[in-house]
Amino acid sequence: MMQDSSQETSVTDDEIEPRSVLPWQDSKIQFRYKLRKLRDRLIIGATLLAVIVILYPLLDILFMFFYNGALAISIPRLTGLTLQYGLANSIVGTLLLIAISTTIAVPLGILGGIYLAEFSEKGKWNRAYADAVRFISDVLSGMPSILLGYVGFLILVIDFGWGLSSMAGGVILAILMLPYVIKTTELSIRKVPLKLREAASALGATKSQTIN
């Protein structure tokens with residue numbers, strides 16, 4: 001039996017003939033490969049063409065914007081008044097708006113965030129007040145700026161008689177900034193690890209010293 005099985009195995013091995021044509025040498029496989037390569041190149045070319053068509057108008061606008069802007073910028077243009085086609089009034093007005101709004105929004109926002117993070121959980125009234133502050137802050141952060149600007153224009157400029165002043169614009173901009181400062185401060189304080197708070201208490205630090 002062992003001899004018969006060995007003979008069968010040897011006969012089977014002898015009957016196996018190596019293929020004369022390798023798979024990658026087959027004409028059909030080569031044709032499919034070339035067709036696939038052609039499709040890939042066509043898709044890549046179409047994609048690049050679409051990118052160029054989309055980006056060309058944008059790049060053209062940016063180039064003309066920077067080119068014409070660079071030619072127009074000069075010291076007299078930056079320091080001249082608006083009546084002289086200058087930008088000095090706009091630059092000074094922007095800096096005033098930033099200064100007024102930052103002076104109002106940053107201190108109030110930081111104090112509000114500290115209160116919400118550290119003192120809002122003590123007592124029923126504190127929790128209710130904190131929930132109201134968070135609700136108003138979320139509403140203000142989701143309010144369109146043009147709507148808030150229109151309301152501020154009606155109240156501050158017309159009713160209060162402030163006119164088209166930097167103070168009116170600074171107050172409206174501070175109201176827009178306030179919710180983000182409050183939220184950022186609250187989240188930053190809440191992310192402080194408990195170990196640091198416990199270490200400060202162990203060293204004898206007060207509540208205000210721990211917050212600072």
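None of the figures in this text is laboratory data; all of them are computed from the coordinates on show. Note that this is a predicted model, so its numbers are computed, not measured. In this analysis, Cβ positions are derived from the backbone assuming ideal geometry, glycine residues included, and neighbour counts consider all displayed protein chains.
Maximal additional length on extending the Lys195-Lys124 stretch stands at 22.8 nm, based on 0.36 nm per residue less the C-alpha distance.
Relative to the Cα centre, the charge distribution of the range 23-72, modelled as +1 at Lys and Arg Cβ and -1 at Asp and Glu Cβ, gives a dipole magnitude of about 520 debye. Okay, which of the range 170-196 sit inside 19 Å, backbone N to the point 7 Å along the Cα-Cβ direction of Ile155? Answer for the range 170-196: 170-182. Taking every Cα-Cα distance in the range 23-72 and sorting them into 5 Å bins from zero, the calculated P(r) comes out as 4, 18, 11, 12, 9, 9, 8, 7, 6, 5, 4, 3, 2, 0 percent. A simple spin-label model places the labels of Thr184 and Leu108 1.7 nm from each other, with each point 7 Å out along Cα-to-Cβ. Over the chain, DSSP H runs of length four or greater, each weighted -39,500 (n - 2.57), average out per residue to a 222 nm ellipticity of -26000 deg cm²/dmol. For the range 30-122, would you read off the P(r) tail past 21 Å as a percentage of all alpha carbon pairs? I get 70 percent for the Cα pairs in the range 30-122 exceeding 21 Å.
Relative to the compact globular guide of 2.2 N^0.38 Å, what is the alpha carbon radius of gyration of the chain, as a ratio?
Rounded to two decimals, the normalised Rg is 2.17.
With one equal scatterer per alpha carbon and no solvent term, the Debye-computed log10 I(q)/I(0) for the range 94-211 at 0.17 1/Å reads -0.90.
Highest GNM mean-square fluctuation among Glu198, Glu186, Glu121, for the chain modelled with Cα contacts below 10 Å: Glu198. Seen against the Cα atoms of the chain and their longest principal axis, helix 166-190 is set at about 60 degrees.
Only Cα pairs under 8 Å and 6+ residues apart enter the sum, and on that basis the relative contact order of the chain stands at 21 percent. Kindly list the residues of the range 53-77 that lie in the label zone of Thr94, defined by a backbone N under 18 Å from the point 7 Å along the Cα-to-C-beta vector. Inside the label zone: 65-77. Between Ala132 and Ile29, the contour length at 0.36 nm per residue exceeds the Cα-Cα span by 29.9 nm.
With respect to the chain, whose longest principal axis is taken over its alpha-carbon atoms, helix 124-142 is tilted by about 70°.
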